[in-house]
Amino acid sequence: MNKKIRWITETAGMLGLLIALQAVTKPLGQLVTGSCVNAVLAITALLVGMGGGIAVALISPVFAFLFGIAPNIVTVLPIMIGNTCFVVLLRLIAGNSARPVWRQPVALIAAAGVKFGVLYLLVVKLICGILAGALMGKKIGTVVVLAPPMLKMLPTMFAWPQLFTALIGGAVALLITPVLRKALHR
């Protein structure tokens, strides 16, 4: 199979899986949904490659917003940035199956830590802190950018749960990816 066609097919398949998991796990809460999303992001980065991982990382927050998982339109861009940092670091450090196995947990800890830090800084400190006054009550079309209840909810959602879901999802991916590589003869 042509490499480009395989990449498009695998990336689309992983994006489809991620969207389906978001829809199915939404009622189960942030821990389950976030862990599933991070697992798919990590598997995509490790199996499909950096480009596929970045594509899924950028598109998934849009669907999260449409499903009501991302609580506010103002969080979509920070989630895109956090997801992209996660997949890029994971792929750069862990790489492919030819690299030493010890690099995978190191990559996961680094990638999860950076994703957590990026989301915490962008959402908690910047949006809910520095920009809160300027964004409060503003609208994009009919969507309110930031409302008072969100100032309480967003710092909770975009703090430690982000680290935990990235670590859980990444750990699941590190367990599943070797099996998938073997099944796909890679």
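What to note about this one:
- Residue-normalised accessible area of the range 106-149, given per residue in Å² at a 1.4 Å probe: 51
- Cα-based reach from K3 at 25 Å (exclusive), listing lysines while leaving out same-chain residues under 8 positions away: K182
- Seen against the Cα atoms of the chain and their longest principal axis, helix 160-183 is set at about 20 degrees.
- Within a straight-line Cα-Cα reach of under 29 Å, K139 can be paired with the following lysines, leaving aside sequence neighbours fewer than 8 residues apart in one chain: K26, K115, K125, K152.
- Mean sequence separation of contacting Cα pairs (under 8 Å, at least six apart), scaled by the length of the chain, corresponds to a relative contact order of 26 percent.
- Overall shape of the range 86-186 was characterised from the C-alpha gyration tensor. The equivalent ellipsoid obtained from it has semi-axes of 37, 14, 11 Å, in decreasing order.
- Where the alpha-carbon atoms of the chain are placed on the principal axes, they occupy 53, 31, 27 Å, in descending order.
- Accessible carbon and sulfur surface of the chain relative to its total accessible area, %, 1.4 Å: 76
- When each of the peptides 155-166, 3-14 is scored by the mean number of other C-beta atoms lying within 10 Å of its residues, the order from highest to lowest reads 155-166, 3-14.
The values are calculated or read from the model by the stated rules, or taken from the named source; none is laboratory data. These figures come from a predicted structure and were not determined experimentally. When we count neighbours, we look across all protein chains shown, and the Cβ atoms used for this are built from the backbone with ideal geometry, even at glycine. Protein only, heavy atoms only, side chains kept; ligands, DNA and RNA dropped before computing areas. Shrake-Rupley method; radii C 1.70, N 1.55, O 1.52, S 1.80 Å.
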